[in-house]
1. Which residues among the range 190-233 fall inside the zone where the amide N is under 19 Å from a point 7 Å beyond the Cα of Val318, along Cα→Cβ?
2. 222 nm [θ] for the chain, helices only, -39500 (n - 2.57) per DSSP H run of 4+, per residue, to 500?
3. Largest first and to the nearest Å, give the Cα extent of the range 214-357 along each principal axis.
4. Which pairs in the list Lys226/Lys277; Lys226/Lys322; Lys28/Lys49 are over 19 Å apart, alpha-carbon to alpha-carbon?
5. Please name whichever of Gly333, Val297, Phe261 sits farthest to the positive end of the charge dipole of the range 214-357, dipole taken about the Cα centre and charges placed at Cβ: Lys and Arg +1, Asp and Glu -1.
6. Would you kindly state how much longer the chain becomes between Ser196 and Asp257 on full extension, computed as 0.36 nm times their sequence separation minus their alpha carbon distance, in nm to one decimal?
7. If I stretch the segment between Leu142 and Glu114 completely, what's the gain in nm (0.36 nm per residue apart, minus their alpha carbon distance), one decimal?
8. Quick one, can you get me the convex hull of the C-alpha atoms of the range 3-119 expressed as volume per residue in Å³?
Amino acid sequence: MDTIFALASARGKAGVAVIRLSGPQAIKVATSLAGTLPLPRQTGLRHLKHPDFGVLDAALVLVFAQGSSFTGEDVVEFHLHGSPAIISAVLMALGGFEGVRLAEPGEFTRRALENGCLDLAQVEGLGDLIEAETEIQRKQALRVFDGALGDLATSWRQDLIRAVSLLEATIDFVDEDVPIDVTPEVVDLIDKTSNSLIRESRGSHISERIRDGFEVAIIGPPNIGKSTLLNRLAGREAAITSEVAGTTRDVIEVRMDLDGFAVTFLDTAGIRDTDDKVEVLGVARARSRADQADLRVVLIEENYTDDLGVMLDPDDLVMIGKADKYNKNSVVGISGLTGLGVAGLVENIGKILQTRAAGAATATRIRHRLALDRAISLLESARDVVLSGPERAEFASEDLHQAIRSLDSLIGRVDVEHVLDEIFASFCLGK
């Protein structure tokens with residue numbers, strides 16, 4: 001296997017840059033540059049030198065021995081001064097050694113997976129941790145990276161293996177009297193696992209929204225203050241505002257951190273009947289995005305009775321727009337122009353998202369949910385077969401084996417090759 005290297009810190013000028021080297025020649029190559037290396041997991045200041053480049057930099061060198069590193073291989077890190085010129089010189093020097101090459105995106109993490117240092121769910125958690133924009137995303141990703149989903153999968157697997165072993169013990173005695181009826185224990189194990197899988201599958205929807213971010217659509221008739229409210233929330237002129245109705249034709253998106261949640265607010269076209277072909281398209285798009293959004297903020301005029309053509313949920317917030325024009329003592333509404341009611345809106349949205357997040361699961365991706373749902377279906381089939389009598393135990397056993405295989409795919413024991421390229425394509429070179 002080649003020895004690989006890459007810049008593990010961000011590109012550009014910085015106080016410190018980290019270059020990572022991993023593979024069978026990592027120690028040899030690092031020694032060629034640094035002269036001597038510090039003991040594993042201890043740092044040492046070394047002057048990096050190369051015959052063609054001379055002194056490259058004074059760097060802190062950190063060594064991780066095989067079996068005790070991120071990748072499971074010998075790893076050496078050079079903590080350099082963060083000059084682009086220094087980084088370039090060190091990378092060129094490393095690339096000159098035979099059998100040493102620049103890492104591909106995600107290759108360090110892929111080696112960690114192949115060497116058993118991480119399971120597939122942990123790899124996905126690491127990717128999410130790198131991409132986390134908010135505190136809640138960070139906490140969720142860190143939980144997955146720490147192996148929470150793998151721990152669940154192991155627990156489910158143990159219970160199902162116990163159920164399989166009980167069933168298969170009866171297969172050898174199919175023509176004889178089995179001294180103990182295993183059906184009650186097998187059914188209990190199946191029910192216990194199924195209930196846990198169902199909870200996890202249901203909660204994965206909200207976990208996925210936390211990972212990807214929530215969408216909140218601002219909808220209402222034209223000229224009700226939607227764009228002004230979006231600008232107030234964004235703290236900048238994200239959308240054009242005008243007294244002319246129908247100014248907004250497309251969906252304008254602003255992403256922000258709201259109480260630790262990644263939230264994208266959508267400013268949509270004013271919903272009304274119109275003969276303007278372009279505005280008709282804008283209205284259709286507004287309704288479509290509103291239907292797909294996780295939450296809707298509906299701005300209307302006082303005594304507004306028209307149907308906006310959007311299905312509303314109990315959590316959706318309906319408010320009087322441009323409330324600064326009304327008697328503030330008699331109308332509870334919102335005004336993006338003056339800020340009236342905006343703090344309360346943000347607080348209410350935060351509370352709604354907090355309530356939803358309470359049902360979040362450890363599974364965070366569609367891939368996870370599909371594996372869980374397949375296992376649930378197989379367990380339902382196995383349960384029915386078990387209850388039909390011991391003479392069909394072999395069929396129930398096969399269903400349980402398939403359910404175990406489906407759960408094993410969560411953490412990469414089986415059926416992972418087809419998802420690896422997609423996962424690692426999003427990783428940077430140094431990870």
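1. Within reach of a label on Val318: 217-226.
2. Here the helix-only value at 222 nm equals -15000 deg cm²/dmol.
3. 41, 34, 30
4. Violating the 19 Å Cα-Cα cut-off are Lys226/Lys277.
5. Phe261
6. 18.8 nm
7. Roughly 8.0 nm would be gained on extension.
8. Convex hull volume per residue, Cα atoms: 94 Å³.
Read-outs throughout are calculated quantities, based only on the coordinates presented, and are distinct from any laboratory measurement. Computed from a prediction, not measured in an experiment: that's the story for all the values here. Cβ coordinates were reconstructed from backbone atoms using ideal geometry, including for glycine residues, and neighbour counts include every protein chain displayed.
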